[in-house]
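The values are calculated or read from the model by the stated rules, or taken from the named source; none is laboratory data. Just so you know, these numbers come straight off a predicted model, no measurement behind them. Glycine gets a Cβ as well: all are built from the backbone with ideal geometry, and neighbour counts include every protein chain shown.
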2 protein chains.
Amino acid sequence: MCEDEEIFEGEVWIQGDRILYVGKGEIPDDIYADMPEKCIIWDREIDCRKNLLMPGFKNAHTHSGMTLLRSYADDLPLSEWLNNKIFPIEAKMTAGDIYELSRLAVLEYLTSGITAVFDMYLTPLSIADAFDDMGMRCVQVGAVNNFSQSPEMVEEMYQTLNHKSPLQSYIIGFHAEYTCSKNLLEQICALAHKYKAPVFTHLAETENEVAGCVERYGMTPLAFLDSLGMFDYGGGGYHCVHMTPKDIAIMQKRGLYAVTNPGSNTKLASGIAPVSDFLKAGVKVAIGTDGPASNNCLDMFREMFLVTGLAKLREKDASAVDAMEVLKMATVNGALAMGLHEADVLAAGKLADIIMIDLSQPNMRPQNNIPKNLVYSGSKQNVAMTMVGGEILYEKGIFYTKESPECIYKKTDNILRKIIK
Amino acid sequence: MCEDEEIFEGEVWIQGDRILYVGKGEIPDDIYADMPEKCIIWDREIDCRKNLLMPGFKNAHTHSGMTLLRSYADDLPLSEWLNNKIFPIEAKMTAGDIYELSRLAVLEYLTSGITAVFDMYLTPLSIADAFDDMGMRCVQVGAVNNFSQSPEMVEEMYQTLNHKSPLQSYIIGFHAEYTCSKNLLEQICALAHKYKAPVFTHLAETENEVAGCVERYGMTPLAFLDSLGMFDYGGGGYHCVHMTPKDIAIMQKRGLYAVTNPGSNTKLASGIAPVSDFLKAGVKVAIGTDGPASNNCLDMFREMFLVTGLAKLREKDASAVDAMEVLKMATVNGALAMGLHEADVLAAGKLADIIMIDLSQPNMRPQNNIPKNLVYSGSKQNVAMTMVGGEILYEKGIFYTKESPECIYKKTDNILRKIIK
């Protein structure tokens with residue numbers, strides 16, 4: 001699957017962390033130009049056996065370090081879940097713990113064909129180390145609020161993590177309107193203006209959140225944030241469930257990304273995002289799993305089905321949000337939202353963030369329509385290979401990360417014993 | 001996972017198609033009584049390595065032969081989908097085609113840990129052959145309507161398929177109220193009374209279906225069918241989306257099973273079933289995938305998440321329908337609805353329809369709560385082994401069916417070329 005969304009039989013060549021060639025096999029002569037004596041030494045040639053190579057999925061909203069809290073406190077009302085269960089545990093987690101817990105999340109991302117994540121959590125430096133050590137691409141976003149982090153820290157991380165390694169980057173952000181004072185929001189806004197940079201935040205996830213902001217400022221969260229100039233250089237919101245037509249017009253006007261999180265919004269009973277309305281207004285939609293405490297899995301296949309399925313339910317229209325549109329959200333749009341303009345499609349010069357989908361599994365047969373098979377029938381079981389920056393990190397059920405799953409489980413089990421059990 | 005829902009470390013012994021022993025390792029002496037000279041010859045001993053053995057999932061509503069139509073006609077309004085796309089293709093399918101297409105479905109069931117299905121489709125004899133040849137358990141249900149099958153055929157199949165093989169059985173049923181004349185329904189009802197047998201049918205799947213019945217008979221479909229005496233010996237309905245409180249009271253009074261199909265109801269924009277109301281009224285709920293044309297995958301993990309997730313959305317309550325309740329629906333309740341009283345739980349004397357769940361995958365870590373991990377994070381990728389009637393049919397990605405997936409794909413690809421392409 002390639003730039004123009006066409007599926008064809010052909011070849012993909014990779015050199016270093018980049019794609020050298022994508023095509024039907026008519027190799028251009030100049031491809032040899034940079035190679036010594038026009039001689040190619042192949043590290044490895046993979047026969048894909050008519051399986052599908054496509055750009056890796058971009059998980060455009062998650063909190064990787066929350067793996068500790070998976071299945072720790074489900075089936076509870078939202079406020080009880082957050083205040084009595086999640087926050088007290090998070091208070092006990094160290095940067096070292098979050099390093100290990102993020103590595104556990106990376107293992108799961110790989111099984112789901114995710115090659116980059118947009119991560120918001122507590123300890124950016126240890127998170128960046130975790131992703132670097134796993135060989136995984138990560139775009140972090142500021143999580144500042146009244147209780148943790150600070151605009152100074154966001155600025156420092158912005159400067160540090162955008163130059164740390166080829167796999168890491170950082171985008172200005174804050175937790176949410178309802179957890180930040182107006183003064184704090186103004187400081188974040190000033191940062192965005194200083195760097196002419198986009199800003200991301202949790203936005204309109206619940207009805208209560210929107211009602212609270214209307215009470216505080218007489219405006220919806222997005223209208224209020226926009227009135228501060230927060231999105232003068234773009235950005236977007238996570239969740240975007242309870243949006244007014246005026247909100248959607250602001251999204252459209254500012255070119256903001258709506259990152260939808262249907263698994264989390266379903267499990268926490270937050271509601272169904274107006275994805276059809278976004279598309280009609282020309283607002284770009286990306287997809288995220290949210291963190292493993294609120295979903296609980298990190299599985300883009302489940303999210304893709306939910307994006308279209310919930311839109312169909314919401315609109316009472318089985319034709320709402322076509323499968324190809326969903327695939328674009330999960331790959332291209334996610335990459336663009338995250339500033340990964342070189343990891344959006346398979347094309348020469350782009351980053352080699354590639355996955356192979358096993359089309360020989362029964363859920364991919366017959367092949368009436370491969371994109372629809374992927375979105376409506378696909379599962380983690382179909383991920384035959386996950387490659388990030390030219391490195392194969394997962395192939396046919398085996399992890400090729402620096403440390404083995406068993407070592408990582410041992411460490412996360414110790415954290416579980418220390419903090420919860 | 002065992003009869004009292006407890007998870008413990010122990011052993012499961014199997015002899016023939018039955019479970020001989022389940023327990024913590026204190027083997028009772030009389031277990032050797034039936035064995036020659038108290039000597040056991042082990043065929044195979046499997047070290048489960050702390051993975052989970054549990055009863056196989058029961059897919060309590062499907063149309064296996066519709067694999068041909070997977071991804072053939074999605075993203076269309078329901079009536080256009082059914083009348084212009086599905087029916088014309090089905091008219092071209094032979095009993096032999098449905099044999100092959102059902103075998104393709106069985107391969108997918110095995111990857112999802114499904115050990116028995118409740119199948120309603122066009123050619124019962126070739127379907128029974130398909131399941132027998134794959135070694136898979138199948139309960140078929142009558143699909144009679146104004147256009148195909150007949151009460152005589154339902155009676156003949158009832159007599160034939162309940163004695164064909166240990167893997168096959170048959171339950172009286174009809175397609176739906178809206179596709180059957182009153183006279184036809186009265187004949188089915190007479191059959192149910194003759195055999196004192198339960199009856200299953202599609203029920204209240206769409207708003208239109210219910211409105212049509214109210215117009216025809218001044219009653220909801222369930223109230224009308226019950227007024228004929230259709231459910232005097234029990235049974236149940238597939239879908240059960242648009243149910244009145246009076247309908248739910250009838251379900252409760254007659255001990256009927258509500259078989260919910262959330263994937264299909266989502267993708268076809270039919271609505272969300274009132275699962276919380278069923279549970280409050282003491283109505284037993286089972287889970288089905290529906291056919292691969294309307295879902296499109298045959299994946300009980302997706303269905304389990306949707307059952308609880310959609311209930312949470314419908315009730316605006318994150319505590320609605322607990323994970324353990326969902327696991328019971330997908331195993332015990334499905335078995336009881338299908339009349340498989342010997343395949344409901346893991347206990348000595350029960351059928352050895354057992355699956356192994358790989359708990360060493362990252363989506364199952366950490367182990368705060370294994371049932372919640374299964375329902376909220378589980379995927380086909382976690383199915384390490386599927387055993388039906390003591391035979392391992394799928395293990396670590398390899399199919400041990402009589403014919404290989406490649407052979408079956410070749411045949412279903414030929415059918416695709418013949419009928420569609």
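Take the range B:362-410 and flag every residue that is more than 9 Å from every other protein chain (Cβ to nearest Cβ) and more than 25 Å from the chain's Cα centre (by Cα).
B:Cys407, B:Lys410
Where in the range A:17-128 are there strands (runs of 3 or more DSSP E), lying wholly inside it, with at least 3 residues that are buried (at least 24 other Cβ atoms within 10 Å of the Cβ)? Let's see the steps before the verdict.
Working: elements: A:18-23, A:52-55, A:57-62, A:114-119.
Filter on the range A:17-128 gives A:57-62, A:114-119.
Does A:Glu342 fit the bill of being within 14 Å of chain B (Cβ to nearest Cβ) and without any contact (Cβ under 8 Å) to a residue 24 or more places away in the chain? Write out each step before concluding.
Details: within 14 Å of chain B (Cβ to nearest Cβ): no; without any contact (Cβ under 8 Å) to a residue 24 or more places away in the chain: yes.
No.
I need the full set of residues from the range B:376-398 which are surrounded by fewer than 20 Cβ atoms within 10 Å (Cβ to Cβ) and within 30 Å of A:Pro262 (Cβ to Cβ), in order please. Steps first, answer last, please.
Taking the range B:376-398 as the starting set, the residues that turn out to be surrounded by fewer than 20 Cβ atoms within 10 Å (Cβ to Cβ) are B:390-392, B:395-398.
Of everything in the range B:376-398, just one residue is surrounded by fewer than 20 Cβ atoms within 10 Å (Cβ to Cβ) and within 30 Å of A:Pro262 (Cβ to Cβ), namely B:Gly397.
Go through (1) under 24 Å from B:Val117 (Cα atoms); (2) in contact with a Ser or Thr (Cβ under 9 Å, 6 or more places away or on another chain) and name the single condition B:Val214 misses.
(1)
Need the failing condition index for B:Leu359 against (1) more than 9 Å from chain A (Cβ to nearest Cβ); (2) surrounded by fewer than 18 Cβ atoms within 10 Å (Cβ to Cβ); (3) over 19 Å from the mean Cα position of the chain (by Cα), just the number.
(2)
Cβ-Cβ distance below 7 Å, separation of 6 or more or different chains: which pairs start in the range A:65-81 with a residue that is more than 7 Å from chain B (Cβ to nearest Cβ) and end on one that is basic (Lys, Arg)?
As it stands, the answer is A:Ala73/A:Lys85, since those pairs meet every condition given.
I'm trying to understand the selection: among the residues of the range B:206-262, which are in contact (Cβ under 8 Å) with a residue 60 or more places away in the chain, over 17 Å from B:Val275 (Cβ atoms) and surrounded by 15 or more Cβ atoms within 10 Å (Cβ to Cβ)?
B:Thr206, B:Gly235
For residues that are in a strand (DSSP E or B), in contact with an Asp or Glu (Cβ under 8 Å, 6 or more places away or on another chain) and not hydrophobic (A, V, I, L, M, F, W, C), tally how many sit in the range A:173-201.
Within the range A:173-201, the subset in a strand (DSSP E or B) is A:173-176, A:199-201.
Adding the requirement that they be in contact with an Asp or Glu (Cβ under 8 Å, 6 or more places away or on another chain) leaves A:176, A:201.
From what's left, not hydrophobic (A, V, I, L, M, F, W, C): A:201.
Final tally of qualifying residues: 1.
When only residues in the range A:279-305 that are surrounded by fewer than 24 Cβ atoms within 10 Å (Cβ to Cβ) and free of Cβ contacts under 8 Å to residues at least 40 places away in the same chain count, which is nearest to the other protein chains (Cβ to nearest Cβ)?
Filtering the range A:279-305 down to residues surrounded by fewer than 24 Cβ atoms within 10 Å (Cβ to Cβ) leaves A:279-282, A:284, A:304.
Restricting the remaining residues to those that are free of Cβ contacts under 8 Å to residues at least 40 places away in the same chain gives A:280-282.
Details: A:Lys280: 16, A:Ala281: 20, A:Gly282: 20 Å.
Looking at the filtered set, the residue picked out is A:Lys280.
Can you find a residue that is surrounded by fewer than 17 Cβ atoms within 10 Å (Cβ to Cβ) and under 25 Å from B:Ser404 (Cα atoms) anywhere in the range B:150-160? Break it down into steps so the answer makes sense when it comes.
First, the residues of the range B:150-160 that are surrounded by fewer than 17 Cβ atoms within 10 Å (Cβ to Cβ): B:150, B:152-153, B:156, B:159-160.
Still in the running and under 25 Å from B:Ser404 (Cα atoms): none.
So far as the range B:150-160 goes, no, none of its residues is surrounded by fewer than 17 Cβ atoms within 10 Å (Cβ to Cβ) and under 25 Å from B:Ser404 (Cα atoms).
Each row is one residue, and each column tells you yes or no for (1) touching a strand residue (DSSP E or B) at 6+ places or on another chain (Cβ under 9 Å); (2) modelled with pLDDT of 95 or more; (3) among the aromatic types (Phe, Trp, Tyr).
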residue: B:Leu76; (1), (2), (3): no, no, no
residue: B:Ile86; (1), (2), (3): no, no, no
residue: B:Met93; (1), (2), (3): no, yes, no
residue: B:Ile98; (1), (2), (3): no, yes, no
residue: B:Ser102; (1), (2), (3): yes, yes, no
residue: B:Val106; (1), (2), (3): yes, yes, no
residue: B:Ser112; (1), (2), (3): yes, yes, no
residue: B:Val117; (1), (2), (3): yes, yes, no
residue: B:Pro124; (1), (2), (3): yes, yes, no
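Would you check which residues across the range B:129-154 are in a helix (DSSP H, G or I) and over 18 Å from B:Gly96 (Cβ atoms) and list them? Please lay out each step first, then the result.
Going residue by residue through the range B:129-154, those that are in a helix (DSSP H, G or I) are B:129-134, B:151-154.
Within the range B:129-154, B:Pro151, B:Glu152, B:Met153, B:Val154 meet the criteria.
Among the strands (runs of 3 or more DSSP E) confined wholly to the range A:225-344, which include 1 or more residues that are closer than 14 Å to A:Phe57 by Cβ? Reasoning before the result, please.
Values: elements: A:235-239, A:257-260, A:285-287.
The qualifying strands (runs of 3 or more DSSP E) are A:257-260, A:285-287.
Of the numbered conditions (1) more than 10 Å from chain B (Cβ to nearest Cβ); (2) over 11 Å from the mean Cα position of the chain (by Cα), A:Ala311 satisfies every one except a single condition; which is it?
Of everything listed in (1) more than 10 Å from chain B (Cβ to nearest Cβ); (2) over 11 Å from the mean Cα position of the chain (by Cα), A:Ala311 misses just condition (1).
Could you please let me know if A:Leu161 is of a type in the set (A, V, I, L, M), in contact (Cβ under 8 Å) with a residue 24 or more places away in the chain and closer than 21 Å to A:Leu340 by Cα?
Details: of a type in the set (A, V, I, L, M): yes; in contact (Cβ under 8 Å) with a residue 24 or more places away in the chain: yes; closer than 21 Å to A:Leu340 by Cα: yes.
Here the answer is yes, as A:Leu161 does meet what is asked.
Okay, residues lined up against (1) surrounded by fewer than 23 Cβ atoms within 10 Å (Cβ to Cβ); (2) closer than 30 Å to A:Lys85 by Cα; (3) of a type in the set (D, E, K, R):
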| site | (1), (2), (3) |
| --- | --- |
| A:Asn368 | yes, no, no |
| A:Tyr400 | yes, no, no |
| A:Lys410 | yes, yes, yes |
| A:Asn414 | yes, yes, no |
| A:Lys418 | yes, yes, yes |
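Could you tell me how many of the residues in the range B:315-356 are hydroxyl-bearing (Ser, Thr, Tyr) and surrounded by fewer than 22 Cβ atoms within 10 Å (Cβ to Cβ)? Step through it out loud before you land on a result.
Of all residues in the range B:315-356, those hydroxyl-bearing (Ser, Thr, Tyr) come to B:319, B:331.
Subsequent filtering for residues that are surrounded by fewer than 22 Cβ atoms within 10 Å (Cβ to Cβ) retains B:319.
Final tally of qualifying residues: 1.
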